[in-house]
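Report on the structure given below.
Just so you know, all these numbers are worked out from the coordinates, no wet-lab data involved. Remember, it's a predicted structure, so these values are computed and weren't measured experimentally. Backbone-built Cβ (ideal geometry, glycine too); neighbour counts: all protein chains shown.
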Amino acid sequence: MLVLKKARLVFLANPKTATQALRAMLAPHAKATPQDIGDKHINAQIYHRKWANRIAARIGEVPETIAVMRQPVQHLNSWYRYRQRDALKGHENSTHGLSFADFIEAVLMEDPPPFARIGRQARFLGFLNDGPPVNYIFDFARLDLMVMFLSERLEVDLKLAVRNVSPECAPNSMDLPEEVLARLHQAQMAEFALYAKVTDMGVLETHAAV
């Protein structure tokens, strides 16, 4: 979480959506950092329950929230690739030796093994709990729109660097059997429906109460 007082925004860092690069870009303009609050991936529900009133009192006004959402299969693939790295070999969180389809099968289990326990983006963004949802949700595929939006609100020319890229896999690493993909869509219907709204314009404005 980063508090951008001048922009009247709070950035909530949805994991695996270029959060390190975005934090690096925004840190010089932030009034609160992950070190200040002890958790860099605070979701919408926790933010509104524990931080919204405190931050509004600190900066003298109620800020809006902003975050990024990634296409659901790509989001899962990023986690799969991240957990393929050599440093995790032999760890319960490692996906080493598994195909992406194996990983998705594990994600779909009623009680997934540790390596397949992946949080839902819709929940992080405030749509699978009591909310309220994030005010501005940008498409990971159109981060240029987010950079432009933030540049205007902060009145500064921002540039996004590349940080913490997951290991590359073969070009067909995201291929899934049709039956597995269909079950994923069924199990995570809310996830795919939300992303369809986000990607339609590159940003979803929820106008949620803050």
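Listed by Cβ neighbour count within 10 Å, with the fewest neighbours leading, Trp79, Trp51 appear as Trp51, Trp79. The lysines whose alpha-carbon is closer than 29 Å to the alpha-carbon of Lys5, local same-chain residues fewer than 8 away aside, are Lys16, Lys31, Lys40, Lys50, Lys159, Lys197. Footprinting exposure proxy ranking of Thr199, Thr17, fewest other C-beta atoms within 10 angstrom first, gives Thr199, Thr17.
Amide H to amide H, with H built 1.01 Å from N, Val10 comes under 5 Å of Leu4, Glu64, Thr65, Ile66, counting only residues 5 or more places away or on other chains. With both labels modelled 7 Å from their Cα along Cα-to-Cβ, the Arg117 to Leu181 distance reads 3.0 nm. Amide H contacts of Leu98 (H built 1.01 Å from N, in plane; Pro and chain starts excluded): no residue 5 or more places away or on another chain comes under 5 Å.
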